[in-house]
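The values are calculated or read from the model by the stated rules, or taken from the named source; none is laboratory data. As the structure is a prediction and not an experimental result, all values here were calculated from the model. Note that each Cβ is placed from the backbone with ideal geometry, even for glycine, and that neighbours are counted across all protein chains shown.
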Amino acid sequence: MKLVSFDGGRVGVRAGDTEVIDITELVPGGHDADWPHSTMPRAIAAFDQIKARLDGSDAPLPRRALADIRLQAPVPRPGQLIALPANYDDHIGEMSSPNRADRNGFFVLSPTSISGPSDPIVLPELEGYRIDHECELAIVVGRPGFRIEAEQALEHIFGYSCLIDMTVRGPQERAMRKSFPSFTPLGPHLVTRDEVSDPDDLRLRLEVNGTVRHDGTTSDMIIGIRDAIVLISAVVPVEPGDVIATGTPAGVAAVGSGDRLRIEVQDVGAMELDVVQGNGGSNVAYAGRAPANVPGG
Ligand code: MN
């Protein structure tokens, strides 16, 4: 199944190419208008129960045309947004990076950086800095866990989504370079784990204005899907709706205002996003510190 968030945190299931079934009323606790971001994580946590009701013979649920709703990121505000750096050898090569996911582990980003398939990517005003796209498979956690073993790792995964990890290149902390609003587009939907044949063998591509920039496969990840769950949950308890960015293959390049990005992940989906120039965003740590040369594509 393909789950979506829409219209202020409502939760739906895709029905064919043009419709969404609104399952919000099946979510335990219902829709919380004061904290609408909580509805999808609660839906994920209770999805077995929701699915049983969906498959049952209860009164039909409301259907909405995709054209009449505004899609959000499937998990608009996860409790945790965790990412693997340097998880593909070809990307490590293009960046001449001393880092490697199996030595550096993971980092965390602000969940407020997440945006959805209807939102543009808004560039901050950072004089002299290069801002790149990265093309990634996102894992969405389904079952809570801590110190999870590899054999049980997949059982803690609810599903997958497409994720673009927008990145300012520079010497500053990763969290500050990757956490501007709209710097983590996620979507267009969340595909349940059963619809992905092998998450460790998925082709992922990103195009800029129709030109292919990334064309990789998750089979090249240094830390694979199961090991990502093991690595992260050794340190932090994971919870339903948590999002994990699994790293980018080679092909990173600068984006500018007016560009249109298209990401596609096999078995998962595709989405297209516009890039626009915004205002502000610089601070004392950025000012006057733009690197003269940034390796990479
Ligand atoms: Mn990344």
- So which residues in the range 222-243 are buried (at least 21 other Cβ atoms within 10 Å of the Cβ) and within 13 Å of Ala138 (Cα to Cα), if there are any at all? Ile225, Ala228, Ile229, Gly241, Asp242, Val243
- Please specify each residue of the range 79-100 satisfying the condition of being over 22 Å from Val168 (Cβ atoms) and away from the ligand (no atom under 16 Å from the Cβ). Gly79
- Residues of the range 82-108 being of a type in the set (Lys, Arg) and part of a helix (DSSP H, G or I), which ones? Arg103
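Each row is one residue, and each column tells you yes or no for (1) over 30 Å from Thr39 (Cβ atoms); (2) within 16 Å of the ligand (Cβ to nearest atom); (3) not in a strand (DSSP E or B).
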residue: Pro188; (1), (2), (3): no, no, no
residue: Ser219; (1), (2), (3): yes, no, yes
residue: Leu231; (1), (2), (3): no, yes, yes
residue: Glu264; (1), (2), (3): no, no, no
residue: Glu272; (1), (2), (3): no, no, no
residue: Val294; (1), (2), (3): yes, yes, yes
- Message: Return the residues of the range 148-178 that are surrounded by 16 or more Cβ atoms within 10 Å (Cβ to Cβ) and either β-branched (Val, Ile, Thr) or part of a loop (DSSP other than H, G, I, E, B) (or both); say none if nothing qualifies.
- Response: Ile148, Ile157, Ile164, Asp165, Met166, Thr167, Val168, Arg169, Gly170
- Got a number for residues in the range 154-179 being within 14 Å of the ligand (Cβ to nearest atom) and modelled with pLDDT under 95? 0
- Within the range 239-262, residues being at negative phi and in a loop (DSSP other than H, G, I, E, B) number 13
- strands (runs of 3 or more DSSP E) within the range 1-81 that include 3 or more residues crowded, with 17+ Cβ neighbours inside 10 Å and touching a residue at least 12 places away in the same chain (Cβ under 8 Å): 2-6, 10-15, 19-22
- Would you please name the residue that is nearest to the ligand (Cβ to nearest atom), looking only at residues in the range 244-258 that are buried (at least 24 other Cβ atoms within 10 Å of the Cβ) and among the β-branched types (Val, Ile, Thr)? Thr248
- Condition met for Val236 (more than 19 Å from Gly187 (Cα to Cα), of a type outside the set (D, E, K, R) and either part of a helix (DSSP H, G or I) or within 16 Å of the ligand (Cβ to nearest atom) (or both)): no
